[in-house]
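Worksheet: the structure to be examined is printed underneath.
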Amino acid sequence: MRYDLSATLIPTGGEFLMMTIQVMGIHGLPIIHAGDDLAALICERIVFEDGDILCIASSVLAKANGQTRNLAEIEPTERATAIAAAAGEDPRFIQVILDASVDVLLESPFILAAVPCGHIGVRAGVDRSNVEDDIAIILPPDPMAAAAGIREDIRRIAGRTVAVILTDTCGRAFRRGQTGHAVGWGGVTAIHDFRGDADLFGRPLTITEEAIVDEIAGFANIVMGESSDIDVLVEFGSGAVLFDFVGLSQYLEERPGSRVDVGPAAALRPEIRGHVARDLLFA
């Protein structure tokens with residue numbers, strides 16, 4: 001998937017500048033397993049240019065690095081069992097969260113915890129989304145070093161100097177919904193400090209520090225997606241009903257071992273039909 005964004009910038013001099021940002025998804029990556037060379041898999045599927053910014057979900061890198069826990073091997077403590085009973089969670093999953101935390105700030109109505117790298121997040125960033133049954137993914141213990149490692153691997157493989165941002169999906173205080181946040185980065189400025197600059201009318205800026213890496217991570221999340229890896233558009237004959245789509249979805253999921261979304265081609269909104277058509281594989 002590719003997005004072209006155009007933004008009009010108005011500098012203090014009053015001149016108008018146009019900036020175009022291109023955001024491109026990397027297609028064809030397999031389900032990642034421990035030991036996979038993630039940088040090599042990525043470089044096989046995209047041609048980098050110097051100055052590109054690569055965003056990688058921290059969960060994907062954690063899987064490649066083997067930073068996962070098998071719930072079948074977890075013995076929950078009394079504390080984990082008590083928290084799980086109050087929250088309606090699996091006590092083994094709660095134990096993984098406690099093991100990954102250096103400090104638990106809140107236990108109810110959700111666990112808010114700090115992890116070794118200093119990141120503070122819900123469930124200590126431990127995740128069971130988009131992963132095999134009974135597996136929990138843990139945030140990389142040193143995301144900054146992990147991002148630097150991926151940068152160096154890409155430089156070695158592709159001969160290009162790129163920036164790398166590791167992303168995680170987080171909530172926002174007093175806001176509904178989640179968005180992408182940067183948990184590790186390298187080769188890119190994290191904060192653009194506007195303090196000391198003047199606004200359009202000459203007033204001094206005293207507070208504004210723009211979180212560049214979080215803004216990039218947020219848009220990258222749109223391209224990455226949060227649910228299934230495979231979308232199937234189907235053209236049934238007349239008389240098709242909902243059960244036809246459900247049955248086909250279940251049948252297809254057994255083949256790649258991944259969740260599959262099935263929908264009628266006629267349901268595509270006109271404004272996205274062109275993007276989808278470019279990436280379709282016909283069978």
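The values are calculated or read from the model by the stated rules, or taken from the named source; none is laboratory data. Quantities reported herein were computed from a predicted structural model and do not represent experimental measurements. Note that each Cβ is placed from the backbone with ideal geometry, even for glycine, and that neighbours are counted across all protein chains shown.
Could you check, for region 121-128, whether at least one of its residues is farther than 29 Å from Cys43 by Cβ and in a helix (DSSP H, G or I)? Yes: region 121-128 contains one or more residues that are farther than 29 Å from Cys43 by Cβ and in a helix (DSSP H, G or I).
Among the residues of region 84-98, is there at least one that is of a type in the set (Val, Ile, Thr), surrounded by 15 or more Cβ atoms within 10 Å (Cβ to Cβ) and assigned to a strand (DSSP E or B)? Scanning region 84-98, I find no residue that is of a type in the set (Val, Ile, Thr), surrounded by 15 or more Cβ atoms within 10 Å (Cβ to Cβ) and assigned to a strand (DSSP E or B), so the answer is no. Restricting attention to region 33-72, the residues that are more than 16 Å from Asp134 (Cα to Cα) and assigned to a loop (DSSP other than H, G, I, E, B) add up to 13.
Residues Phe219, Phe174, Phe236, Phe243: which one is modelled with pLDDT under 90 and closer than 22 Å to Ala113 by Cα?
Numbers: Phe219 fails: closer than 22 Å to Ala113 by Cα; Phe236 fails: closer than 22 Å to Ala113 by Cα; Phe243 fails: closer than 22 Å to Ala113 by Cα.
Being modelled with pLDDT under 90 and closer than 22 Å to Ala113 by Cα holds for just one of Phe219, Phe174, Phe236, Phe243, which is Phe174.
Looking across region 1-32 at every residue that is outside any loop (DSSP other than H, G, I, E, B) and under 18 Å from the mean Cα position of the chain (by Cα), the one that is modelled with the lowest pLDDT is identified as Arg2.
For Gly51, the conditions (1) within 17 Å of the chain's Cα centre (by Cα); (2) closer than 20 Å to Ala182 by Cβ all hold with the exception of (1).
The set of residues from region 162-187 being out of contact with any helix residue (DSSP H, G or I) (no Cβ under 6 Å at 6 or more places or on another chain) and not polar (S, T, N, Q) comprises Ala163, Cys170, Gly171, Arg172, Ala173, Phe174, Arg175, Arg176, Gly177. Evaluated against (1) of a type in the set (Gly, Ala, Ser); (2) touching a helix residue (DSSP H, G or I) at 6+ places or on another chain (Cβ under 9 Å); (3) assigned by TED's automatic domain parsing to the domain that holds Pro30, Ser108 falls short on exactly one condition, (3).
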